[in-house]
Every structure is written in C-alpha cells, then in structure tokens.
Amino acid sequence: MEALMAIPSVPDLGPAQLVARSGGRLLFPFNRAGLELTYLGRNAVWRAAKQLGLEGWEVIVPAYHHGVEIAALLHAGARLRFARVDASGRLDPEDVRSRVGPRTRAIYVIHYAGFPQPVDALGEIARECGAFLIEDCALSLFSHGDGRPLGSRGDAAIFCFYKTLPVPHGGGLLMREVRATGLEAPAPPPLLPTLSHMAGSMLVSAERHSGGLGRWLRTVAKSFTGHVRARARREDIPVGTQEFDPGVAHLGMSAVAARTLRCVDAEQVVRRRRANWLLLHERIGRPDRATWSALPPGVCPLFYALEVDDKDRALRLLWSRGIQAVDFWRSGHPAASCERFPEVEALRRRVVELPCHQALGPEELEQVARVAREALKA
Ligand SMILES: Cc1ncc(COP(=O)(O)O)c(C=O)c1O
C-alpha cells in the first residue's frame, strides 16, 4: 500500500520566507512604483474597470475564464463580448478582431497558467480601434513572453499573489497611467484571520518537513487556540470563491502579508516551478495530454494542465492519494454560453490542475506523475 502524503495545491509558508533578503533582486511587478495591493485579484479587476471608465462600454473577454473576473467587470458596468479560445488555450486574435464594434473600449486577455497570449497581435487590434489592453496575470506572476514580463504591455495589469506565493490573500493592479477617479486607496483587511492563516500555513509546512514533531506541534497549537481560531473564522473574508462581493471590493492587502511578498526569492520560485513542470512533463510522458505541451523560455508555470477523459474519476483518484489536484474552471460565468465555443467546453470538461509549485520536492513530484499516469490509463 502506497504511503499517503498530502501534496498541497499551493505552497506553504516556511520560516525562511519570513526573513527579509538582503541584496535580492525584486522582479516585476514588485519593482514598479504604483503597484496597488488589493485584498483579491477581483478587486483589482473592478478598480481597473473603474479607472479606465468602462461603464456602459464593451469589453472583449475570453470565453475561457474563471468567472469572477467577468463578475467584477459586469459589476463595474462593462458590457461583455466573448471571444474564441482555441484548444491550446490561445485567445484567437482574428476572432477578437471580428468582435470589435463602435462601443469597444477594452480587450481583456488572460495569460493562463503562466503561458503567454499573443499580446503583440492583441495590442495592435486594441491600438487600431482605440481600445485599452488589459492583461489578467492572476495565473501568471513572474512569467515572461518574448523576453518581457507578462503584465508589462497592457494599459492595466491584474495580479493574484496567493496563487503563486505563500500568502493568505493578495492581488495587485498596475496601471500604465494612473487616472483620477475618486476611488479611495484600498483599506486594510482584518488582521486576525491573516495571522491565523499564516500560522496555519507554517504549521502545515512544519508537518510536511519534520513529520511527527510537526504533527505534534500542530495538534498542540490547535488544542490551545480554539477560541482564537473561531474568532478568526468569523472575521475571515474568503478567497478563491466564484462570486464578486462588492462589500469587500475596497479592501487592500494586509501589511504583514505584503511584507512576505518582499521576502520572496522570485528567481528561485521561477527556477523551481520550471524544473518541477519539466519533471512532471517527462515522468507523465504524455505531451499529447498537456494543454501546454512545451515550456517556452521565461514561462513561470502556475500548474501542470493535464487533459483527462473522465475528470471526476481522475480527480477522485488523485485526491484519494493525497494529491490536491484542482478541478480547473469546470464552469464559467453564466453570461457566456459554452455551446458557441466547443474548444472551451472541451477544456472545461477535461483540464485537471496538477501542482508543480516551488515547495514540492522530487519525491512528491514522482508521486504526482505516478498517479497522473494511472489516471490517464483509467
Ligand atoms: C483569470 C483570473 N482573473 C482574476 C481572478 C481573481 O482572483 P481572486 O481570486 O484573487 O479574486 C481569478 C481567480 O481565480 C482568475 O482565475
């Protein structure tokens, strides 16, 4: 019987990541003045739409999307037109062009899982029709395309830090040009849930790295902090939901979580994620089942996208072996009709997100690859 070892979908927080690094290079977007830190990426989408004045105007958005970015745009008053994404996850510039109309004010592009979209072609269409280009980099922090950071070409760039880094929440907005809108600066979120999530993540890390002792520490911490954790749960503002909550759209990132961002060794994160992706790719050995079947230079992969015939069964198998694989984007926003986009419908039905993050070691990756191969056989 194979030993059960939990393999988390996101990196946990080790003590080294709380120590400020001296002399380390800050990578984009952290090296840009004007990066606004928000509680969630969706708050950044909403703020970008407000700053660009999209209310009442049309925005061309990809048919393959999470759903909450669409909800944030709609809440800011934008009208949406959905465009084709092909089977390889590429937003089709010709289809985008065909949807441009007199009310088009922005083209919204999502760089999926760290892999760059054709921003040159999309930027040209935006320029030709006098529209803004918005780059959604929620899934592509630290990634590059054609030698340039993703998010550096658009009029606005959206980020979501907690998907890549061990922080409990956090999004970002970078505007090419800051516009006066009367929007207030983001307000700090409640502190207790932030501290509670960070402590929890550190205890998970201790358990993963020091086995019995870490498990003991976690049990002891749990038994002495019940009332504090209950209060933290009451005050918590959840992340990762599919709904846009206007009641928390004004919130920013907590100072303690933002400090962790500055301690990150971004170059190491990129190196490890790339090496882990390549290892999975080699060990799974089915490039025909990878949505992105090669890793171009500069890409910082968020996860390994594996296409399976029976997603429910594959996920059940992965979860039963302790692998926190994610059901990637099974459904989109109800405003988009999948029937008009068969390739998107197939991606939604087939893509499973396998972890390849920086906190995973070779043994864990071997286990992910082994179970993934089994899932493909089944
Ligand atoms: C493409 C995309 N944009 C924006 C967001 C919003 O990020 P957040 O969950 O931080 O609000 C998400 C969330 O999954 C996303 O997938």
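Since every read-out is calculated from the coordinates, none of them should be taken as a lab result. Keep in mind the model is a prediction, meaning the values are calculated, not measured. All Cβ positions, glycine included, derive from the backbone under ideal geometry; neighbour counts span all protein chains shown.
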- Message: If each residue of separation counts as 0.36 nm, what is the full-extension length gain between Glu184 and Glu345 once their alpha-carbon separation is subtracted?
- Response: 54.1 nm
- Query: Tyr39: net charge of surrounding residues, Cβ under 12 Å, Lys/Arg +1, Asp/Glu -1, itself excluded?
  - Reply: -1
- Taking the DSSP beta bridges in the chain as the whole, what percent of them are antiparallel, to the nearest 5? 50 percent
- Would you tally the net charge around Ala221, using a Cβ to Cβ cut-off of less than 13 Å, leaving Ala221 out, and scoring K and R as +1, D and E as -1? +3
- Item | Net +/- balance of residues flanking His75 in space, Cβ distance below 13 Å, scoring K and R +1, D and E -1 | 0
- Message: Placing unit charges on C-beta atoms (Lys and Arg positive, Asp and Glu negative, everything else neutral), compute the dipole magnitude of the range 190-236 about its Cα centre in debye, rounded to 20.
- Response: 120 debye
- Inter-part gap, Cα centre of the range 29-56 to Cα centre of the range 130-159, in whole angstrom, is 12 Å
- Taking neighbour counts of Cβ atoms within 10 Å as a proxy for exposure, in what order, fewest first, do His111, His281, His227 appear? His227, His281, His111
- lysines whose Cα lies under 27 Å from that of Lys222, excluding same-chain neighbours fewer than 8 positions away: Lys163
- At 7 Å along the Cα-to-beta-carbon direction for both Arg215 and Arg370, put a label point, then send me their distance in nm to one decimal. 1.9 nm
- Item | At most 10 other Cβ within 10 Å, DSSP loop - GluC sites (Glu not before Pro), the range 138-232 | Glu177, Glu184
- Gap separating the Cα centres of the range 70-102 and the range 161-215, nearest whole Å: 30 Å
- Under 18 Å Cα to Cα from Lys311, which lysines show up? Leave out anything in the same chain fewer than 8 places away. Lys377
